[in-house]
Amino acid sequence: MSNNKKKNLPPQAQEYQSFQQEREVKRPVLKNCIKAFLVGGSICLIGQVITTFYIYYFNFTEQTAGNPTVATLIFLTMLLTGLGVYDRIGQFAGAGTAVPVTGFGNAVISAAIEHRTEGFILGVGSSMFKVAGPVIVYGVFSAFVVALIKTILIKWGGL
């Protein structure tokens, strides 16, 4: 907080802010960034290994191997979340596990696990789509807009 704002505060608020700043836990930002980078990079490396596996063993092309790779990563994330392993990795790595596509799988299955006592339809199903629904809608809409722009550019621009 700037000194100008501190001067406008009553004395009790200034004392409280000083008290708070003295006891605030210092976060190891650089260490957290390195952990997130390494774990997120490791997840991406695993994704590349899975892609290579699909290309060499199932004769996918580089273009067609992407979808099964994403599905495999999401499945593995959901499995590890159900076993309680992914949450421990997430506590260690922070955003390193949330940023790749695995963060989506974790969010969906976590909501399902949390609400399973409410039943399959009103608990699991509705809770999963509270998280997944907006992501799916945004993804489909974005794909539509990009395809529309590409089509217009091809038709009018001759690309």
request  = Taking the residues in the stretch 83-123 that are β-branched (Val, Ile, Thr) and under 15 Å from the mean Cα position of the chain (by Cα) as candidates, determine which candidate is farthest from Gly139 (Cα to Cα).
outcome  = Ile89
query = For residues in the stretch 26-50 being touching a residue at least 40 places away in the same chain (Cβ under 8 Å) and among the β-branched types (Val, Ile, Thr), which is nearest to Thr69 (Cα to Cα)?
reply = Ile43
Every residue from the stretch 129-155 that is basic (Lys, Arg) and surrounded by 10 or more Cβ atoms within 10 Å (Cβ to Cβ) = Lys130, Lys150
key: Check on Ala111, in contact (Cβ under 8 Å) with a residue 12 or more places away in the chain and crowded, with 18+ Cβ neighbours inside 10 Å   = yes
key: Residue satisfying condition, being touching a Gly at 6+ places or on another chain (Cβ under 7 Å) and surrounded by 15 or more Cβ atoms within 10 Å (Cβ to Cβ), within set Thr117, Thr97   = Thr97
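Each reported figure results from applying straightforward, stated rules to the coordinates on display, with no laboratory input. What you see is a predicted model; the values in this text were computed from it and never measured. With ideal geometry, Cβ positions are generated from the backbone for all residues, glycine too; neighbour counts draw on all protein chains shown.
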